[in-house]
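The values are calculated or read from the model by the stated rules, or taken from the named source; none is laboratory data. Given the structure is predicted, the values throughout are model-derived calculations rather than measurements. Quick reminder, even Gly has a Cβ in these numbers, built from the backbone with ideal geometry, and neighbours come from all protein chains shown. Remember, those area values only see protein heavy atoms, side chains included, never the ligands or the DNA or RNA. Shrake-Rupley method; radii C 1.70, N 1.55, O 1.52, S 1.80 Å.
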Amino acid sequence: MRYETGSIGTDPQLALAAPPRSRRRAMLVAVVTIVVLAIAALVFGHRKPTAASHSATDQIPQVTVIQPGRRTIDRTLSATGSLAARVDMPVGVAGEGGKVTAVLVQPGQWVQAGQVLATLDRSVQQETAASLAASIKVAQADATLAQSALDRAQQLVGRGFISKADIESKAATRDAADARVKMAQAQLAQQRAANSRLDVRAPAEGLVLTRQIEPGQVVGASTGTLFRMARGGEMEMRALLAENDLAIVHAGSVAKVTPVGSAVSFPGTVWQVSPVIDPASRQGIARVALRYDPALRPGGFAAATITSGASVAPLLPQSAIQSDDKGNYVYVVGTGDTVQRRSVTLGNVSDDGVAVAAGLDGTEKVVMSAGAFLNVGQRIRPILRAVG
């Protein structure tokens, strides 16, 4: 007996014509897998670059920048110096002197021109004046007698009792008597003038600064200064300036003076610039005139800010200025928001900022304060800040 071992599943031709159910299932699974992978590739393929892009963007630092423009900037200079009387008047004995009987003023008092500051003993001088006054009366009496004698002689000359020579002699006697009267009067006036000079008087209106005289003291022309006064109470600051700063200061420049220990500033005006430079210190003096104020004490120390002219230039905050062995520089935003170094020449420095004399025209975007953390060529995200 023979058994048939062949079947439809084993015939290759029949297998190609009619695939079994399991193969169809496998093909369906393969198609679904391919579709899922394609969708995943599309979804995750787009997401991954976006995340990387955001990560790279987040690594670019945000930096505040300003566009300074150009502004009119007052040119100011800082100086220190001492306070003094603008016109310091020493007052001493004008006459022959004597013993001080009274001192009538104290330092810090305001006095008028001609006011008596101190008096000297004048007892001897007063007696001398009285004697001269008496001599005037004697001379006047002699002159009266000489005139009377001349008048009588003139009445007798016509009668022939007196010659013309006698008349001339009596006229000469009368003239001499009149001259003695005038001489005595002049001597009395001289003595009275000398007596008036025994009073120590203020030569002008002003402020008494010092007093070096006491009652009982004997003073004379060689004694020296008894009082010191500030004429009109006017003060000044003698500001020390470097040679190059002194060259730009001129008479009429406005200044503000602040005495040491005071929070108040006093306005003043430069009235004189020293024509001489100290060869040792290379400094000169600008004298700033100040109005009288009790807070301004001669001999004190003060600081001054002097304004001399103006310039037009970019003004930057001090935080924007960097410096190294090559000099001063700032960072500006260049092409592609990259950091670029720009060398600058600094001008006037004030509370408002630093003026840039050269290196910027004001249209640049300047890094405001992060310069120490940046490198040339580094890319940044500039945040423009308005200039206040």
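Could you tell me the distance between the Cα centroids of the range 70-94 and the range 98-138, to the nearest Å?
Each part reduced to its Cα centre gives a spacing of 38 Å.
At a 1.4 Å probe radius, carbon and sulfur cover how many percent of the accessible area of the range 199-246?
On the range 199-246, the fraction of accessible area on carbon and sulfur atoms equals 44 percent.
Roughly what angle does helix 123-157 make with the longest principal axis of the chain, taking Cα atoms, 0 to 90 degrees, to the nearest 10?
50
For the chain: lysine pairs with Cα atoms under 24 Å, gap of 8 or more or different chains, count?
Counting lysine pairs in the chain gives 4.
To the nearest 0.05, what FRET efficiency results for Leu28 and Ile60 with a Förster distance of 51 Å applied to their C-beta separation?
Plugging the Cβ-Cβ distance into 1/(1 + (r/R0)^6) gives 0.55.
Say each of Tyr292 and Gln155 gets a label point 7 Å from the Cα, pointing the same way as Cα to Cβ; how far apart are those two points in nm?
My value for the distance between the label points is 6.7 nm.
Build a GNM of the chain with springs between Cα atoms under 10 Å: which of Asp74, Asp337, Asp199 gets the top mean-square fluctuation?
Asp337
Does anyone have the angle between helix 164-196 and the longest principal axis of the chain? Alpha-carbon axes, 0 to 90°, nearest 10?
Around 30 degrees separate the two axes.
Highest first, please rank the peptides 77-90, 177-190 by the mean number of other Cβ atoms sitting within 10 Å of their residues.
Ranking the peptides 77-90, 177-190 by packing returns 77-90, 177-190.
Stretched out fully, how many nm does the piece from Ala247 to Ala310 gain, at 0.36 nm a residue minus the Cα gap?
Result: 21.2 nm gained on full extension.
Given the DSSP H assignment, sum -39500 (n - 2.57) over each helix run of at least 4 residues in the chain and divide by its residue total; what's the result at 222 nm in deg cm²/dmol, nearest 500?
The per-residue figure over the chain is -10500 deg cm²/dmol.
Short version: ³J(HN,Hα) in whole Hz for each residue of the range 288-301, in order, from phi by Karplus 6.51 cos²θ - 1.76 cosθ + 1.60 (θ = phi - 60°), x for Gly and Pro, what are they?
After applying 6.51 cos²θ - 1.76 cosθ + 1.60, I find 9, 6, 10, 6, 5, 7, x, 6, 9, 10, x, x, x, 9 Hz.
Which option, [x] 20.3, 56; [y] 53.2, 230; [z] 22.0, 70, is the value of Rg and Dmax of the Cα atoms in Å that was calculated from these coordinates?
[y]
With a 1.4 Å probe and every protein chain left in place, work out the accessible area per residue of the range 234-388 in Å², rounded to a whole number.
About 55 Å² of surface per residue is accessible.
With all protein chains present and a 1.4 Å probe, how do Arg122, Arg201 order by accessible area, largest first?
So, going from the largest accessible area down, we get Arg201, Arg122.
Find how much the distance from Thr335 to Arg197 grows on full extension, using 0.36 nm per residue of separation minus their present alpha carbon separation; answer in nm with one decimal.
The Thr335-Arg197 span can extend by a further 41.1 nm.
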